């Protein structure tokens, strides 16, 4: 196989490998973005081959006659153009993936946070109850944790902000109320184990921390 054909095949294989990645897969069906990029790449590659072919002149308005150059220069020019095409395709691929596909996917799968419910804190606990009725305990635990943070924010033990992590909240709680901080440290450990460590949650755990939530709410109402 000539060197330029080998280079073209190697680059084509790399492009196919990128398009075969998980981010270009949709469950049960092909991904239209990957198909579009693959078609664009095939069209661009064929266009270059027509321009640089000695036996098939291009039909475009501007003509390129490789007979003016020696074969070594033509081969180098082919490789340079192919590499440039791959770079352009890769940049377009990254733009499409980051701004269209992954942005849409990330929006759909974004994990809810406490600051999402500041304007309507009761909706978090209502969501928890709905999930509990469906026996989706891990998801119910997530919303219960959010509801607890919202109660602590209401009592001015913490100040919920978008940039803060649970570790930051624990430090804030510890500076105000060490008893609550000890309970929240235990709750936070369970929450992270279920969310990141595939630990199973159950109804008993939900009931335990729901009692903790109700205790905070009653204390807030009495205050």
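Would you point out which residue out of 148, 97, 111 is at pLDDT below 90 and not in a loop (DSSP other than H, G, I, E, B)? Unique residue meeting the criteria: 97. Of the listed requirements (1) more than 18 Å from residue 114 (Cβ to Cβ); (2) surrounded by fewer than 19 Cβ atoms within 10 Å (Cβ to Cβ); (3) within 30 Å of the chain's Cα centre (by Cα), residue 215 misses just one: (3). In summary, residue 156 fulfils each of the numbered conditions (1) in a loop (DSSP other than H, G, I, E, B); (2) surrounded by 13 or more Cβ atoms within 10 Å (Cβ to Cβ) with the single exception of condition (2).
The sole residue among 133, 122 that is within 26 Å of residue 192 (Cβ to Cβ), at pLDDT 80 or above, exposed (fewer than 10 other Cβ atoms within 10 Å of the Cβ) and in the same structural domain as residue 190 (by TED's automatic domain parsing) is 133. Among the conditions (1) buried (at least 16 other Cβ atoms within 10 Å of the Cβ); (2) without any contact (Cβ under 8 Å) to a residue 12 or more places away in the chain, the only one that residue 142 does not satisfy is (2).
The values are calculated or read from the model by the stated rules, or taken from the named source; none is laboratory data. Since the model is a prediction, treat every value here as computed from it, not as a measurement. For neighbour counting, all protein chains shown are included, and Cβ atoms are generated from backbone atoms with ideal geometry for every residue, glycine included.
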